[in-house]
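One structure is given below, encoded as structure tokens.
The values are calculated or read from the model by the stated rules, or taken from the named source; none is laboratory data. Model, not experiment: these values are computed from the prediction. Note that we place each Cβ from the backbone using ideal geometry, even for glycine, and neighbour counts take in every protein chain shown. To get the accessible areas, we keep the full protein, side chains included, count just its heavy atoms, and leave off ligands, DNA and RNA. Shrake-Rupley method; radii C 1.70, N 1.55, O 1.52, S 1.80 Å.
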Amino acid sequence: MVAWTVAALERTPVVEAIILVAPPDSLDDFEELRRENGWQKVTAIVPGGADRQQSVWLGLKVMPTETEWVIVHDAARPLVTPSLIIAVWEAAQEIGTAAIAALPCTDTVKRSLDGVVVAETLEREQLWLAQTPQVFAADLLHQAHEQAIKDGCVATDDAMLVERLGVPVRLVMGDPTNLKITYPTDLLLAEALLREGKKGRA
């Protein structure tokens, strides 16, 4: 999954350098992956934290000071394409702050307080399912993480941290095949998409 993800990032012209955040006990394995795959843009492989938010923060801390824009992407979405990355990057540039890939919700969404009984039905027309990549002005993302640390806020994606600052985040139409690998069946589907050539490589 990491190899698929990095391969897409390496093919993306707007990506100049990649900081790979890995489990602390797997750094040697990732270094071996870098050698085996000949990754050219991976400039650092650093140990991650206890959760996703901490891992992004640790990656930001080794980011070159001159960095202007940051693309955050999860290896759990290994079928990302360069074209989607570029689309989100361009949208962030246009708005000047941040943009994320997301899909409009097509299912009826129920809210439950106890996981047993429906409390209410939400308006799906207003709901979007966030994906990565997510692109941010580097100083803005750094500020958002610092503020979250001060406030003790834990978020499930970086856009939420930026939203807390009152900064607009633009939505960019995501890709249904930019699926998140959560269950073994997801991996089987991803492998099938790659094998059958149904996933665009552009």
Connecting C-alpha atoms closer than 10 Å in a GNM of the chain, tell me which of SER26, SER112, SER55 has the biggest fluctuation.
SER112
Let me see the pair-distance distribution of the chain: every alpha carbon pair, 5 Å bin width, integer percents in order.
1, 7, 14, 17, 20, 18, 12, 7, 3, 1, 0
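At 1.4 Å probe radius, can you tell me the per residue accessible area of the chain in Å²? Intermediate values should be presented prior to the final figure.
Working: 11280 Å² over 202 residues.
Result: 56 Å² of accessible area for each residue.
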Using only the Cα atoms of segment 41-115, what semi-axes does the equivalent ellipsoid have when each is the square root of 5 times a gyration tensor eigenvalue? Give whole Å, largest first.
27, 20, 13
Output the antiparallel fraction of DSSP beta bridges having both residues in the chain, as a percent to the nearest 5.
60 percent
Along the charge dipole of the chain, which of LEU122, MET63, GLY152 sits closest to the positive end, that is, farthest toward it, with unit charges on the beta carbon of Lys, Arg, Asp and Glu (+1, +1, -1, -1)?
LEU122
GNM on the chain, C-alpha springs below 10 Å: top fluctuator among THR97, THR108, THR177?
THR108
So the carbon and sulfur contribution to the accessible area of segment 19-79, 1.4 Å probe, in percent, is 49 percent
For the chain, what's the relative contact order in percent, using C-alpha pairs closer than 8 Å and at least 6 residues apart?
23 percent
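Where Lys and Arg each count +1 and Asp and Glu each count -1, what net charge lies around THR97 among other residues with Cβ under 14 Å from its Cβ? The partial results should precede the final answer.
Working: positive: ARG164, ARG170; negative: GLU68, GLU90, GLU94, ASP139, ASP158, GLU163.
The answer is -4.
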For the chain, the count of lysine pairs 8 or more apart or interchain whose alpha-carbon atoms are under 27 Å apart comes to 9
Starting with the highest mean, order 63-74, 125-136, 161-172 by the number of other Cβ atoms within 10 Å, averaged over the residues of each peptide.
125-136, 161-172, 63-74
Dipole magnitude (debye, nearest 20) for the chain, charges at Cβ of Lys, Arg, Asp, Glu:
360 debye
